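Asker: So that we are looking at the same thing, I have put the structure below in structure tokens.
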Amino acid sequence: MTLRPLEQMDKVQAERNWLSLKEAIYQIHLQNASSLSFEELYRYAYQLVLHKHGEYLYCGVREEVAKHLKEVGGQVGKLGDEELLPILHERWESHKTTMVLIKDILMYMDRNYVEQCHKVKVFPMGLGLFRDHVVLQPQVSGRLQRSLIHAVAAERNGQAIDRLLIKRTLQMLVELGVGNSNDRSSRKERGMDELWFYRELFEEALKGATAEFFRNEAHDCISSCSVPEYLRKAESRLREEAERVDRILHPSSMAPVIRTVEREWLVRNAKTLVHDEASGSAVMLRNDKTEDLKRMY
């Protein structure tokens, strides 16, 4: 039996398949996925990849998703400060759902063309595009960072905040770092890990704000409190910050936040606390203040 060579798809048919997929992506972005035949769409994508039009398909998908997200970025950038976090979270969740649907249509491309050509897979590609065209939009990124830092400061001052929203927004930053590349080894070679975006947009600013907040607080406290009172407040602050990280921040923030509090409350004022004539270590020893000495140690 003689095998017939695979009949090649011409450019006209390739474009016809792509236009059907392009329209489907548009409808998915409009939340009209229920009207689509995913089996048919999968077949169109399969045929394109099978007939060596993988790059044409991949670049077209990337362009369509990016086009949509540029519009989303413009809309989010026009929001007021109070609307920014809740609407951004809503758009993020919607985008992830959209990218799951698009990914499912393009599964054959992901498994073949994308892997063979070392491209970023469809789903993480979509996350990266959301980062680039929405979160890093000039009218969004700075206000997003300030909103998150202000929320943490507000809770430190005893104000009520939407903890769940803050936690979900910070988790978005973590996921946007994961969406940077398929290849973990290449990220490590470039000195990057999956938390790079969280650290870049939030954690670095948090460390600076945390240092300033507790430096000022410690300065006010040391001039008005005895050493035992000061140490009890420092102990309380360390406990509160650890609980705050557990509640709303990523676990990786625990060490830098605690180090910053220790530096501003304790290390910076250690000599003053130990040698204080009114209530320092010598006074504690004379008066058998065992618990206070243990705390100071």
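Residues are listed down the side, and each one gets a yes or a no for (1) in contact with a Phe, Trp or Tyr (Cβ under 9 Å, 6 or more places away or on another chain); (2) within 17 Å of ALA209 (Cβ to Cβ); (3) at pLDDT 85 or above; (4) surrounded by 19 or more Cβ atoms within 10 Å (Cβ to Cβ):
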{"position": "SER226", "(1), (2), (3), (4)": "no, no, no, no"}
{"position": "ARG237", "(1), (2), (3), (4)": "yes, yes, yes, yes"}
{"position": "ALA242", "(1), (2), (3), (4)": "no, no, yes, no"}
{"position": "ASP246", "(1), (2), (3), (4)": "no, no, yes, no"}
{"position": "LEU249", "(1), (2), (3), (4)": "yes, yes, yes, yes"}
{"position": "SER253", "(1), (2), (3), (4)": "yes, yes, yes, yes"}
{"position": "ILE258", "(1), (2), (3), (4)": "no, yes, yes, no"}
{"position": "ARG263", "(1), (2), (3), (4)": "yes, yes, yes, no"}
{"position": "LYS271", "(1), (2), (3), (4)": "no, no, no, no"}
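One line per residue, one yes/no per condition, for (1) closer than 18 Å to ILE25 by Cα; (2) outside any helix (DSSP H, G or I); (3) among the aromatic types (Phe, Trp, Tyr):
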{"residue": "THR98", "(1), (2), (3)": "yes, no, no"}
{"residue": "TYR108", "(1), (2), (3)": "yes, no, yes"}
{"residue": "TYR113", "(1), (2), (3)": "no, no, yes"}
{"residue": "LEU127", "(1), (2), (3)": "yes, no, no"}
{"residue": "ARG131", "(1), (2), (3)": "no, no, no"}
{"residue": "ARG146", "(1), (2), (3)": "no, no, no"}
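Asker: When you scan region 1-37, how many residues do you find that are part of a helix (DSSP H, G or I), at pLDDT below 95 and either among the aromatic types (Phe, Trp, Tyr) or at positive phi (or both)?
Answerer: Total satisfying the criteria: 0.
Asker: Could you tell me which residue of region 195-241 is nearest to ARG146 (Cα to Cα), considering only residues that are part of a helix (DSSP H, G or I) and of a type in the set (S, T, N, Q)? So that I can check it myself, show each step before the final result.
Answerer: First pass over region 195-241, keeping only residues part of a helix (DSSP H, G or I): 196-222, 227-241.
Pick out the ones that are also of a type in the set (S, T, N, Q) and you get 210, 216, 236.
Details: THR210: 13, ASN216: 20, SER236: 26 Å.
Selected residue: THR210.
Asker: Show the residue pairs meeting these rules: Cβ distance below 6 Å; 6+ apart or different chains; first residue within region 216-234 and over 15 Å from ARG263 (Cα atoms); second residue open to solvent by 30 Å² or more (accessible area, probe 1.4 Å) and at pLDDT below 80.
Answerer: VAL227/ASP276
Asker: Under 8 Å between Cβ atoms, which residue pairs at least 6 apart in sequence (or on different chains) link something in region 114-137 that is closer than 16 Å to GLY177 by Cβ and small (Gly, Ala, Ser) with a partner that is part of a loop (DSSP other than H, G, I, E, B) and open to solvent by less than 30 Å² (accessible area, probe 1.4 Å)?
Answerer: GLY126/GLY179; GLY128/GLY179
Asker: Scan region 45-60 and give yes if some residue there is of a type in the set (A, V, I, L, M), under 12 Å from LEU101 (Cβ atoms) and surrounded by 15 or more Cβ atoms within 10 Å (Cβ to Cβ), otherwise no. Don't jump to the end; show me each part of the working.
Answerer: Going through region 45-60, the residues of a type in the set (A, V, I, L, M) turn out to be 45, 48-50, 57.
From what is left, the residues that are under 12 Å from LEU101 (Cβ atoms) are none.
No, there is no match, as no residue in region 45-60 is of a type in the set (A, V, I, L, M), under 12 Å from LEU101 (Cβ atoms) and surrounded by 15 or more Cβ atoms within 10 Å (Cβ to Cβ).
Asker: Also, quick follow-up: I'm trying to understand the selection: among the residues of region 66-94, which are touching a residue at least 60 places away in the same chain (Cβ under 8 Å), more than 20 Å from PRO124 (Cα to Cα) and either more than 16 Å from the chain's Cα centre (by Cα) or open to solvent by less than 30 Å² (accessible area, probe 1.4 Å) (or both)?
Answerer: GLY74, VAL76, GLY77, LYS78, ASP81, LEU84, LEU85
Asker: Among what's in region 95-144 and is charged (D, E, K, R) and more than 15 Å from THR169 (Cβ to Cβ), pick the residue that is least open to solvent (accessible area, probe 1.4 Å). I'd like the intermediate steps shown before the answer.
Answerer: At the first step, the residues of region 95-144 found to be charged (D, E, K, R) are 96, 103-104, 110-111, 115, 119, 121, 131-132, 143.
When the remaining residues are screened for being more than 15 Å from THR169 (Cβ to Cβ), the result is 103-104, 110-111, 115, 119, 121, 132.
Values: LYS103: 65, ASP104: 60, ASP110: 14, ARG111: 150, GLU115: 98, LYS119: 75, LYS121: 73, ASP132: 69 Å².
Among those residues, the one meeting the criterion is ASP110.
Asker: For a quick check of your reading of the model, give me the residue pairs whose first member lies in region 47-60 and is more than 13 Å from GLN116 (Cα to Cα) and in contact (Cβ under 8 Å) with a residue 24 or more places away in the chain, whose second is part of a loop (DSSP other than H, G, I, E, B) and open to solvent by less than 20 Å² (accessible area, probe 1.4 Å), with beta-carbon atoms closer than 8 Å and at least 6 apart or on different chains.
Answerer: LEU57/LEU106
The values are calculated or read from the model by the stated rules, or taken from the named source; none is laboratory data. In this text the structure is predicted, and so the values were computed from the model without any measurement. As a convention, Cβ positions derive from the backbone with ideal geometry for all residues, glycine included, and neighbour counts pool all protein chains shown. Calculation scope for accessible area: heavy atoms of the full protein, side chains included, ligands and nucleic acids excluded. Shrake-Rupley method; radii C 1.70, N 1.55, O 1.52, S 1.80 Å.
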